[in-house]
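First up is the structure itself, then whatever we jot down about it.
Read-outs throughout are calculated quantities, based only on the coordinates presented, and are distinct from any laboratory measurement. This is a predicted model, so every value here is computed, not measured. Cβ atoms come from the backbone with ideal geometry, glycine included; neighbour counts cover every protein chain shown.
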Amino acid sequence: MKEEDQKILIAFGKKLAQLRTDRGLSQQDLANKCRMDRRKISKIENGELNSRLYTHYVIANALEIEVQELFGEL
């Protein structure tokens, strides 16, 4: 993976972690709301997983936000 691509994944993961913690949710809480494994949430937040658009949609719904908010100022 290119360094620039990795930076984008890391920035997205940090934004997701911020949104999750702002809502007082643990990774497990969010995973449960998304019907995902906690390890997947962890990998996304750590920039280790390039998640799909549908995954972003599911996460946004669980956080009760618009999908666009996940991307912030990437």
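The reciprocal of the average 1/r between distinct C-alpha atoms defines the Kirkwood hydrodynamic radius, which for the chain equals 12.1 Å.
Subtracting the Cα-Cα distance of R52 and R23 from their residue separation scaled by 0.36 nm leaves 8.2 nm.
Evaluate the charge dipole of the chain about its Cα centre and quote only its size in Debye, nearest 20, assuming +1 on the Cβ of each Lys and Arg and -1 on the Cβ of each Asp and Glu.
Magnitude of the dipole: close to 320 debye.
A Förster radius of 35 Å combined with the Cβ-Cβ distance from A11 to D37 puts the calculated FRET efficiency at roughly 0.95. Within the straight-line cut-off of under 16 Å between alpha carbons, the lysines reachable from K14 are K40, K43, sequence neighbours fewer than 8 places apart in one chain being disregarded.
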